[in-house]
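Read the structure below first, then the notes.
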Amino acid sequence: MGRARIGVTSWHHPDREERWEYVRDNYTRSVYRAGGLPVIFPMPSSDPAVLDEYLAGVEGLLFTGGEDVHPEFYGDTVRPKCEEIDRERDLFELGLAKRALERGIPAFGICRGHQLMNVACGGTLYQDISERTGTVPEHRTKREERAQLRHGVRILPDTRLRQIVGAEKLKVTSTHHQFVHRLGNGLKATAFADDGIIEGIEKPDRPFFLAVQWHPERMADNDPAQLALFQALVRAASGRL
Ligand code: MN
């Protein structure tokens, strides 16, 4: 049996006069190390027929980190602390996530991907750490500190996440200023930071619809519990080969 193909969502940035589509390689390499075949998805169009063609070519999806999701997609307006937005990327990825929900396509989300999957289920986001009192600054990390373990998370028993990582407590990397506010329909919060913010979600009535707010792709080389998240996605996707 060949490797399950995992669609990996990409960034989409202007650089001088031209635009680039790219992805940080620890996402694709973690998928590969976990036994999957990463397939980067550029986003020339969010036409429904195009989304279906992308999905016909993969068995699973990885929603990567990146920009803030446009608040219009969760019924909110843009406040001053909301940062970079890529509405085209939102439309593309929300289209993929909604199809993953409808069709039971295995999907794993990281950071922005975790927020996006919550929004795809009808949930909302805090637009910045400053919108919730008592939130610790360790969620947000300077560029040079991105590989460091920044804060603890507690993982609830009786969750898929707990089965996968096999531990109640982890220390994780963290580079986000937004986070889940109201959970989307049918989602379960699976992990919490020390200050109570939601760091993991999953949808128990789907074969594999799971996300984390931290960055396992930055830890997967050295930490089997973090690599296990990618392995679980690949295992779920392999069931569709
Ligand atoms: Mn965090």
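Quickly run through region 76-91 and pick out the residues that are assigned to a helix (DSSP H, G or I) and under 15 Å from His13 (Cα atoms). Those that are assigned to a helix (DSSP H, G or I) and under 15 Å from His13 (Cα atoms): Arg87, Glu88, Arg89, Asp90.
Residue check: is Ala167 in contact with a strand residue (DSSP E or B) (Cβ under 8 Å, 6 or more places away or on another chain), more than 11 Å from the ligand (Cβ to nearest atom), part of a loop (DSSP other than H, G, I, E, B) and small (Gly, Ala, Ser)?
When the stated conditions are applied, Ala167 passes them.
The residue of region 129-158 that is surrounded by the most Cβ atoms within 10 Å (Cβ to Cβ), among those that are away from the ligand (no atom under 12 Å from the Cβ), within 16 Å of Gln213 (Cα to Cα) and modelled with pLDDT of 85 or more, is Ile155. Within region 180-212, being part of a loop (DSSP other than H, G, I, E, B) and either out of contact with any Gly (no Cβ under 8 Å at 6 or more places or on another chain) or without any contact (Cβ under 8 Å) to a residue 60 or more places away in the chain (or both) holds for His181, Arg182, Gly186, Asp194, Ile197, Pro204, Asp205.
Sort through Phe179, Phe230 and tell me the only one that's at pLDDT 95 or above, crowded, with 20+ Cβ neighbours inside 10 Å and under 16 Å from Thr64 (Cβ atoms).
Step by step, each of Phe179, Phe230 is checked, and only Phe230 is at pLDDT 95 or above, crowded, with 20+ Cβ neighbours inside 10 Å and under 16 Å from Thr64 (Cβ atoms).
Taken as a whole, the condition of being more than 24 Å from Ile6 (Cα to Cα), under 18 Å from the mean Cα position of the chain (by Cα) and of a type in the set (A, V, I, L, M, F, W, C) applies to Val153.
Please tell me if Arg3 is at positive phi and either at pLDDT below 95 or over 13 Å from the mean Cα position of the chain (by Cα) (or both). So Arg3 does not fit the description; no. For Arg103, the requirement of being at pLDDT 95 or above, basic (Lys, Arg) and more than 22 Å from His13 (Cα to Cα) is met. Could you tell me whether any residue of region 63-75 is out of contact with any Gly (no Cβ under 9 Å at 6 or more places or on another chain), in a strand (DSSP E or B) and crowded, with 19+ Cβ neighbours inside 10 Å? Yes, region 63-75 contains a residue that is out of contact with any Gly (no Cβ under 9 Å at 6 or more places or on another chain), in a strand (DSSP E or B) and crowded, with 19+ Cβ neighbours inside 10 Å. Would you check if there is a residue in region 10-28 being within 15 Å of Leu229 (Cβ to Cβ), at pLDDT 90 or above and small (Gly, Ala, Ser)? No, every residue in region 10-28 fails to be within 15 Å of Leu229 (Cβ to Cβ), at pLDDT 90 or above and small (Gly, Ala, Ser). Kindly evaluate Arg162 against the criterion of being farther than 16 Å from Gly65 by Cα, touching a strand residue (DSSP E or B) at 6+ places or on another chain (Cβ under 9 Å) and either away from the ligand (no atom under 15 Å from the Cβ) or at pLDDT 95 or above (or both). Here the answer is yes, as Arg162 does meet what is asked. Whenever a residue of region 132-149 is farther than 9 Å from Thr175 by Cβ and assigned to a helix (DSSP H, G or I), it has no partner that is at pLDDT 80 or above and away from the ligand (no atom under 11 Å from the Cβ) lying with C-beta atoms less than 6 angstrom away and at least six residues away or across chains.
Mind listing just one residue for me: the one in region 171-194 that is under 21 Å from Gly134 (Cβ atoms) and among the hydrophobic types (A, V, I, L, M, F, W, C) and, of those, farthest from the ligand (Cβ to nearest atom)? Filtering first and then ranking leaves Leu183. Within region 178-232, how many residues turn out to be out of contact with any strand residue (DSSP E or B) (no Cβ under 7 Å at 6 or more places or on another chain) and among the polar types (S, T, N, Q)? Number of matching residues: 4.
For region 59-95, filtered to residues that are under 16 Å from the mean Cα position of the chain (by Cα) and among the acidic types (Asp, Glu), the residue that is farthest from Gly109 (Cα to Cα) is Asp86.
The values are calculated or read from the model by the stated rules, or taken from the named source; none is laboratory data. Keep in mind it's a predicted model, so treat the numbers as computed, not measured. Neighbour counts are summed over all protein chains in view; Cβ atoms, including those assigned to glycine, are modelled from backbone coordinates with ideal geometry.
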